[in-house]
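For reference, the structure is listed below as structure tokens.
The values are calculated or read from the model by the stated rules, or taken from the named source; none is laboratory data. Here the structure is a predicted model, which means the values were calculated and not measured. Because the Cβ atoms are built from the backbone with ideal geometry, glycine has one as well, and the counts that use them run over all protein chains shown. Heavy atoms of the whole protein, side chains included, go into the accessibility calculation; ligands, DNA and RNA do not. Shrake-Rupley method; radii C 1.70, N 1.55, O 1.52, S 1.80 Å.
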Amino acid sequence: MEIVRREGRLLIAAQPSETIVANMVKRVLKIIREDYEELKFNREISEIERKNDGYGSELQKLKDTIIDSIVELLEELDQSVHSIACEALNHIHLNDVVMTIGKSNTVEQFLKKAAKKRKFQVVVAECAPFYQGQELAASLAKDNIETTVIADSATFAMMSRVNKVIIGTHTVLANGGLKAVGGSYALSLAAKHYSVPLIVCAAVYKLSPQYICSIDQDLFNKFSSPHDVMKFSDGGNMFANSHVYNPVFDYVPPELVTLFIFNIGGNAPSYIYRLLSEMYHLEDYDFETKNVD
């Protein structure tokens with residue numbers, strides 16, 4: 001297990017803002033623990049090994065069991081988007097007006113799956129300055145889904161006509177909050193004001209046991225080139241006295257989220273703590289920050 005932890009720390013250090021890397025390492029550690037404990041329970045480990053609580057025993061049967069479990073995990077990852085999309089008809093109804101932001105592959109497949117049986121409209125906030133919403137709108141239009149692109153600043157004005165908001169997310173935090181694409185927080189506030197349900201489509205591998213504070217932007221956020229916000233050629237002497245930031249993510253607090261749709265089913269934000277205990281072991285929650293002997 002220490003080998004997995006060590007290699008996991010190297011991967012996480014390469015890109016600290018990508019929480020999915022840490023999540024997958026923690027899932028693998030949980031698999032190793034569970035398979036080892038199952039072998040102990042089945043009395044398939046010798047008495048000496050059973051007295052030893054370590055996980056370093058090179059047992060061929062344990063190795064085979066762990067490999068089989070990891071293969072099952074990989075199959076779950078491959079089918080996660082499809083599993084979420086299969087829930088679409090339970091949440092999108094005839095003549096609904098759905099709003100989303102940016103371009104999430106999970107949300108895209110969710111909407112396309114519903115469009116095979118239901119007729120509805122989609123309003124897409126363009127997600128400036130990257131304008132990924134325009135890409136999503138073009139993809140939905142190719143599938144004959146009635147789609148409207150709006151500026152991010154128009155989300156509040158349009159929200160009164162919307163039946164539900166469906167978005168993706170980069171990470172689901174331990175408190176049920178979101179680390180989502182920039183503009184998601186303003187969209188969520190508008191939905192809350194008009195009592196429009198906010199539905200988040202995400203695979204369970206995006207569920208993180210960490211509480212990431214949005215105040216610590218170096219840890220929480222990722223910053224893109226400020227050229228997308230303001231071109232250097234247009235700045236003149238202004239850049240000598242100014243700082244231009246282009247953050248990629250927003251923090252959305254859990255009280256603004258109505259429902260999570262995971263590939264294992266739908267859950268309220270208050271249920272996240274239970275999913276965490278099923279996905280990860282408590283001792284591995286912060287393994288990447290623990291001192292290494």
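Let's see how each residue does on (1) surrounded by fewer than 17 Cβ atoms within 10 Å (Cβ to Cβ); (2) at pLDDT below 90; (3) farther than 30 Å from M1 by Cα:
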position: L207; (1), (2), (3): no, no, no
position: I212; (1), (2), (3): no, yes, no
position: L219; (1), (2), (3): yes, yes, no
position: S225; (1), (2), (3): yes, yes, yes
position: M230; (1), (2), (3): yes, yes, yes
position: G235; (1), (2), (3): yes, yes, yes
position: L256; (1), (2), (3): no, no, yes
position: R274; (1), (2), (3): yes, no, no
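Looking only at segment 76-97, filter to residues that are in contact with a Lys or Arg (Cβ under 8 Å, 6 or more places away or on another chain) and open to solvent by 20 Å² or more (accessible area, probe 1.4 Å); which one of those is farthest from A151 (Cα to Cα)?
C86
Looking at segment 165-184, is at least one residue outside any helix (DSSP H, G or I), of a type in the set (D, E, K, R) and surrounded by fewer than 21 Cβ atoms within 10 Å (Cβ to Cβ)?
no
Kindly evaluate K119 against the criterion of being among the basic types (K, R) and either outside any loop (DSSP other than H, G, I, E, B) or open to solvent by less than 10 Å² (accessible area, probe 1.4 Å) (or both).
Judged against the criteria, K119 is not a match.
For segment 98-116, name all the residues that are in contact (Cβ under 8 Å) with a residue 12 or more places away in the chain, surrounded by fewer than 18 Cβ atoms within 10 Å (Cβ to Cβ) and over 15 Å from the mean Cα position of the chain (by Cα).
Those that are in contact (Cβ under 8 Å) with a residue 12 or more places away in the chain, surrounded by fewer than 18 Cβ atoms within 10 Å (Cβ to Cβ) and over 15 Å from the mean Cα position of the chain (by Cα): Q109, K112.
Kindly indicate the residue of segment 55-74 that is hydroxyl-bearing (S, T, Y) and at pLDDT 80 or above and also farthest from V204 (Cα to Cα) among those meeting that condition.
Result: T65.
Within segment 191-204, is there a residue that is assigned to a helix (DSSP H, G or I), of a type in the set (G, A, S), touching a strand residue (DSSP E or B) at 6+ places or on another chain (Cβ under 8 Å) and open to solvent by 50 Å² or more (accessible area, probe 1.4 Å)? Lay out the reasoning, then the answer.
Initially, segment 191-204 is screened for residues assigned to a helix (DSSP H, G or I), giving 191-193, 204.
Filter once more, so that each one left must be of a type in the set (G, A, S): 191.
From what's left, touching a strand residue (DSSP E or B) at 6+ places or on another chain (Cβ under 8 Å): 191.
Restricting the remaining residues to those that are open to solvent by 50 Å² or more (accessible area, probe 1.4 Å) gives none.
Within segment 191-204, none of the residues are assigned to a helix (DSSP H, G or I), of a type in the set (G, A, S), touching a strand residue (DSSP E or B) at 6+ places or on another chain (Cβ under 8 Å) and open to solvent by 50 Å² or more (accessible area, probe 1.4 Å).
Kindly evaluate S153 against the criterion of being hydroxyl-bearing (S, T, Y), within 22 Å of S195 (Cα to Cα) and either part of a helix (DSSP H, G or I) or open to solvent by less than 10 Å² (accessible area, probe 1.4 Å) (or both).
yes
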